[in-house]
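Since the structure comes first, as structure tokens, the remarks are kept for the end.
The values are calculated or read from the model by the stated rules, or taken from the named source; none is laboratory data. Since we're looking at a predicted model, the values are computed, not measured. Cβ placement follows ideal geometry from the backbone for every residue including glycine, while neighbour counts extend to all protein chains displayed. These accessible areas exclude ligands, DNA and RNA; they are computed on the full protein's heavy atoms, side chains included. Shrake-Rupley method; radii C 1.70, N 1.55, O 1.52, S 1.80 Å.
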Amino acid sequence: LMEESHRFLASVVTILVIVLALCVRRNPRASHLRGPSLVAVGVIILQIVLGGVTVFASNAPFTVALHLLAAALFLGVVSVVAVAAFLEPEVRWSLRHGPTRLAWAAVVGLYLIVISGSVVVNAGAQSACASWPVCLHSPVAAGLLIIQMTHRSIVLVGSVLVVAFLVTLLRARRTDRAERVLSLVALGLLITQILVGALSAIWSAHTELADVHLAVAALLWSTVVAVFALSARDRDDLSSSALSSPSASEHVHT
């Protein structure tokens, strides 16, 4: 039942993504959405192919990891599309030139955190170490312990990058309200994710914590990507319109 529900939802999402790309192509005021929407179509097709390979491979750990990797990428892309949909077409926006190097480093670091966490789950290394943050002793095989500690090391580096990126935005004078709110939400989610991860390691018998850990990771990833997308706007345009609203639209068109 779970598998059939997953396939049904995947079919619905695929149709919606394709319809969105077609609508964007026909709307001259949505030209800034064409690139992200086409990427979303490409990623969802890749995800479908990997899903089929995963089924035929009987859920082999390597194919499952690739499937999750594409899933995280798709969530990031649709988060960008969602943010771009609220931007006025007049606002100059570029993912290639807008975000800073720190922004890119934070997003890549967080993506590696999500992927390494998926590898931990697929390898069965969730309970490889019952202590946190370092592993003082563990009866499991050295390979599982290495996977667990590699993930924790990536979490440390990635978290520092994410915090530096968000704090930099919060301290900047030209950061608008939307970026500030999302940055604060992302910081709260990051703290929650770290706490849940620690509890999941210490209380490995409580398997429900692993599900909460995965859910918070998805929320954190989507939120940070949204902040990243907002940071791609031209700062000179923020004084006229940051996000579409009645007052902002009146200002742009007067």
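Observations on the structure shown:
- Full extension of the chain between A164 and I45 yields a length gain of 39.4 nm, computed as 0.36 nm times the residue separation minus the alpha carbon distance.
- With the convex hull constructed from alpha-carbon coordinates only, the stretch 39-125 shows a mean projected area of 6.7 nm² over all directions.
- Loop exposure criterion: trypsin sites (Lys or Arg not before Pro), DSSP state outside H, G, I, E and B, at most 13 other Cβ atoms within 10 Å. Applied to the chain, the longest stretch between such sites is 1-95.
- Cα lying deepest toward the dipole's positive end in the chain, options G98, I44, T150, charges on Cβ: G98
- Here the stretch 94-221 is treated as a Stokes sphere of Kirkwood radius computed over C-alpha pairs; at 10 °C and 1.306 mPa s its diffusion coefficient rounds to 102 µm²/s.
- Probe 1.4 Å - accessible area at L66, Å² to nearest ten: 60 Å²
- For the chain, alpha-carbon Rg relative to the globular expectation (2.2 N^0.38 Å, N residues): 1.11
- In angstrom, the C-alpha Rg and Dmax of the stretch 1-60 are 14.2, 45.
- Summed over the residues of the chain and divided among them, the accessible surface reaches 56 Å² per residue at a probe radius of 1.4 Å.
- At an R0 of 41 angstrom, the distance between the Cβ atoms of L184 and S58 translates into a FRET efficiency of 0.40.
- The equivalent ellipsoid that matches the C-alpha gyration tensor of the stretch 5-151 spans semi-axes of 36, 21, 10 angstrom, in descending order.
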